[in-house]
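Working notes for the structure below.
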Amino acid sequence: MLIYRYELKKLLKSAAVWGFIAVCLLFNIIIISNSGNAYADFVSTVAEDTGYILDQSFYEKLSQVTASDKKAKYYLEQLKYETDGVTDVFEGYEVKDIADIYINVAGLSGFFAKTMRDKYTALQKVVEEKAERDESLTLYFAGATHHRHNFLFGTLTGWLFTEAVLVSVLLVLLSIGYENIHGTENLVYSTKKGRLVLRPKFAASVTVGFLAYALLALITLVVYFSKTEYGGVWRSSVSSLFNYRVDLIAGIRPFVTWYSFNILTYLMAMLAMGAGVVLCFMLMAFSIGMLVRNSYMAFLVLLIANGVNVVLPMQVSQTLPIGLAVRCFSILSPVWLWLKQGIWFTDGDIDIIWPHFEMFGLCMSLAVLTVLCLLATNYFRKRDFT
């Protein structure tokens, strides 16, 4: 515990880490400052009086809303036009066609085609349940929904997860490579505690890594929500009829999630999933740091390994079963989970055959990387430093 506290203090005092976090926050503030949407803010403000459920009560209250200036009157008319006569997009919605399109375009067959069809069979049941609950009949941000949803759950959280991964990897490699950087390996690893010092080192770096992630998320989201209006729409479903996905293969389609999320619960789920991905990269960095003594080289190896994992599936021929297997299983790796963060908890894209792929991939990645960490630690215990 004493070594853990010392390692914790060492990382918390690192000027490089704090400097990197400061740069990340500055960048996030800059992109937030350019994300404003006056109409979306207007919709949120009106929803505080009308509510977010598109029922008879909503329309009665909307008819009583008045606007004082020209711009507000224009926005009010736009809102009335966009919500007039809307229907449940999930009523009668069939997802079987999506499976057929994906299978034909990707050339899936056998196990892969069956898994894809099974996924959309399960999704059809979810769609029917959403239709029974009229889940899509919520306001969200009306016509501004797609833009604001994509910014928060695509652009902003995407950068947040990227920054958290980088800073957490930096912390792990900094901690376990400290002795190599300062030329004290032989001295430290010849003590009674010896190479067991890596346990508190890793624990400290994981602790600070999660603290850095929490700090980045907290400050970024506080700045974002202080600049944008969400007051009346927090409980709107992210599967609102106004939200949609632009699928280059299957076309524009409703934004369907496996679970019933409102904006707040979807944000919490995204942040929790992001923490899992950050942990995966910390385990990966620890494994590589055990094998590569130089921290800078270890970081380079980590980048190359993930780069290969991204490029290789695109180069392998998918006309062969092995090519399909490489593509489908690579999606479950941490780097692909990170790349797919904008569609977590949905049915995914043409290259995703697994339902709940993000949870399946996270669990599989954590299991594999934990085993790799144990193997790397065993190798490190026997490594000669002379």
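The values are calculated or read from the model by the stated rules, or taken from the named source; none is laboratory data. What you are looking at is a predicted structure, and each value in this text was computed from that prediction instead of being measured. Here the Cβ is made from the backbone with ideal geometry for all residues, glycine too, and neighbour counts use every protein chain on show.
Among the residues of the stretch 19-54, write down those that are crowded, with 19+ Cβ neighbours inside 10 Å, hydrophobic (A, V, I, L, M, F, W, C) and closer than 30 Å to Leu137 by Cα.
If the condition is that a residue be crowded, with 19+ Cβ neighbours inside 10 Å, hydrophobic (A, V, I, L, M, F, W, C) and closer than 30 Å to Leu137 by Cα, then Ile32, Ala40, Phe42, Val43, Val46, Ala47, Leu54 are the ones that fit.
Checking the condition closer than 21 Å to Ala131 by Cα and hydroxyl-bearing (Ser, Thr, Tyr), which residue from Tyr75, Tyr81, Tyr39, Tyr59 passes?
Among Tyr75, Tyr81, Tyr39, Tyr59, only Tyr59 is closer than 21 Å to Ala131 by Cα and hydroxyl-bearing (Ser, Thr, Tyr).
Restricting attention to the stretch 312-335, which residues are part of a helix (DSSP H, G or I), buried (at least 20 other Cβ atoms within 10 Å of the Cβ) and either modelled with pLDDT of 95 or more or of a type in the set (Gly, Ala, Ser) (or both)?
Within the stretch 312-335, Pro334, Val335 meet the criteria.
Residues of the stretch 257-287 being in contact (Cβ under 8 Å) with a residue 40 or more places away in the chain and β-branched (Val, Ile, Thr), which ones?
Thr257, Ile263, Val277, Val278, listed by residue number.
Go through the stretch 355-369 and give me each residue that's in contact with a helix residue (DSSP H, G or I) (Cβ under 8 Å, 6 or more places away or on another chain) and either over 24 Å from Phe255 (Cα atoms) or modelled with pLDDT under 90 (or both).
Hits for the stretch 355-369 are Ser365, Leu366, Leu369.
Write out, first by first residue and then by second, each pair whose Cβ atoms fall under 7 Å of each other, whose residues are 6+ apart or on separate chains, and whose first residue, in the stretch 115-130, is among the aromatic types (Phe, Trp, Tyr) while the second is in a helix (DSSP H, G or I) and surrounded by 14 or more Cβ atoms within 10 Å (Cβ to Cβ).
From residues that are among the aromatic types (Phe, Trp, Tyr), the pairs are Tyr120/Ile98; Tyr120/Ala99.
If I ask for residues that are in a loop (DSSP other than H, G, I, E, B), modelled with pLDDT of 90 or more and surrounded by 14 or more Cβ atoms within 10 Å (Cβ to Cβ), which ones from the stretch 66-90 would you list?
Val86, Asp88, Val89, Phe90
Go through the stretch 238-259 and count every residue that is closer than 17 Å to Phe357 by Cα and either polar (S, T, N, Q) or surrounded by fewer than 19 Cβ atoms within 10 Å (Cβ to Cβ) (or both).
3
Looking at Phe345, Phe380, which is the one that is at pLDDT below 90, touching a helix residue (DSSP H, G or I) at 6+ places or on another chain (Cβ under 9 Å), buried (at least 16 other Cβ atoms within 10 Å of the Cβ) and aromatic (Phe, Trp, Tyr)?
The unique qualifying residue is Phe380.
Ser57: out of contact with any strand residue (DSSP E or B) (no Cβ under 6 Å at 6 or more places or on another chain) and more than 27 Å from Ser260 (Cα to Cα), yes or no?
It is false that Ser57 is out of contact with any strand residue (DSSP E or B) (no Cβ under 6 Å at 6 or more places or on another chain) and more than 27 Å from Ser260 (Cα to Cα).
Failed condition for Gly36, given (1) in contact with a helix residue (DSSP H, G or I) (Cβ under 6 Å, 6 or more places away or on another chain); (2) assigned to a loop (DSSP other than H, G, I, E, B), with all others met?
That leaves (1) as the condition not met.
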